[in-house]
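Have a look at the structure below before the remarks.
The values are calculated or read from the model by the stated rules, or taken from the named source; none is laboratory data. Since this is a predicted model, take the numbers as computed values, not measurements. Virtual Cβ from ideal backbone geometry, glycine too; neighbours counted across all protein chains shown. Surface areas here come from the heavy atoms of the whole protein model, side chains and all, with no ligands, DNA or RNA. Shrake-Rupley method; radii C 1.70, N 1.55, O 1.52, S 1.80 Å.
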Amino acid sequence: MNQFEFDQLLEKYLNGECTPEEIAFVEQWSENMLSMATSPLSVSEQQQMETQLWEKIQQTVGIKPFRWKPWALAACIVLLIGLGIKWYTWQDSPEHLIRESIASSNWGVIDLTNHSNKVQKLTLEDGSEVQLNPNSTISYPEHFGQKTRTVYLKGEAFFSIKRNPAKPFVVHTGELVTEVLGTSFTIKSYENAKAIEVLVRTGKVSVYERTKAENTRKNGVILTPNQKVIFEKESKKIIPSLVEEPVVIVPPVQPTQLIFEDAQLSQVLQRLKESYMIDFEIESDAFEHCVFTGDINDLPLHTQLNLVCKAVNASYEQRGTVIFLYGSGCK
């Protein structure tokens, strides 16, 4: 049964024209909607919702109260409440945000699920590229609106966004929103997972919790390359961190840029900061006169840090998005 057929069935039900089988089907559907409701309404709220929905139905299909049979009226009250809860729950859902963003146009929404065991690549109409992981779904409009480029993701995907300062690219993943102008990043948002992850490769990304009130200060952070954020669904905490394997963002202009000879530790860390766009902090003055000599080109960041720290008698640890160096320093 498609949406049009279901709408016709509901209209028949409201007019008292359904067969016993159709009545049973509609009432079972209504009971299912009530059982799925996450926020039960009080008696007064139910009565208010019933009145509002009743007036809306009268305006839409021209049904008059005196035509109703007693059994149909009683059943419809249950249906109205079920429909109301379903509507109030759905209109605040991320799926509804997608439909709402294109409501002013005549275009539909494309739902694409990757059922294969390989990454599926697609190019959106603005030139942005998406690499959709297996068992993941992306929903997007056939044509983007005038103000934003909005998509909805379930699962995991890597986005390479075509820059457009006049039209931000917005990804809805459950209760988390990722907004960019032009950059590349990965989002992991599986329904059964306890957290959502956003990992930035290039550019800047604004990540924040979706709220109902427009003027409410958003719970969020700005991410830069090699940073990530973990959003805990239950506690609503947003925890910024670094990606597991940071990569060079600014390639060396010369092959010898990361070859050092008696270089001050602060100079070495400054070069690494420029390459990875990661902040480093030295916690002790004991490293003020420490120098490093070595070739650390083409090595992973953690290997580079291990070599540098060994040379200056230091250790390092990551705290949020910053790497701290500490220890007794060079003798």
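Things worth noting here:
- When restricted to residues that are under 25 Å from L223 (Cβ atoms), touching a Leu at 6+ places or on another chain (Cβ under 9 Å) and of a type outside the set (G, A, S), the range 292-331 contains 11.
- Residues satisfying the stated conditions in the range 123-139, i.e. part of a strand (DSSP E or B) and of a type in the set (S, T, N, Q): T123, Q131, T137, S139
- Test: residue in the range 312-324 that is hydroxyl-bearing (S, T, Y) and within 25 Å of K204 (Cα to Cα): yes
Here is a yes/no grid of residues against (1) crowded, with 18+ Cβ neighbours inside 10 Å; (2) within 25 Å of T178 (Cβ to Cβ):
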| position | (1), (2) |
| --- | --- |
| I238 | yes, yes |
| E244 | no, yes |
| E274 | no, no |
| V291 | no, no |
| G294 | no, no |
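- Only residues that are over 25 Å from E234 (Cα atoms), of a type outside the set (V, I, T) and open to solvent by 60 Å² or more (accessible area, probe 1.4 Å) were counted across the range 121-176, and they come to 12.
- Residue count for the range 276-289, restricted to those that are open to solvent by 80 Å² or more (accessible area, probe 1.4 Å) and under 16 Å from I249 (Cβ atoms): 1.
- Sole exception among (1) in contact with a helix residue (DSSP H, G or I) (Cβ under 7 Å, 6 or more places away or on another chain); (2) free of Cβ contacts under 8 Å to residues at least 24 places away in the same chain for D279, by number: (2)
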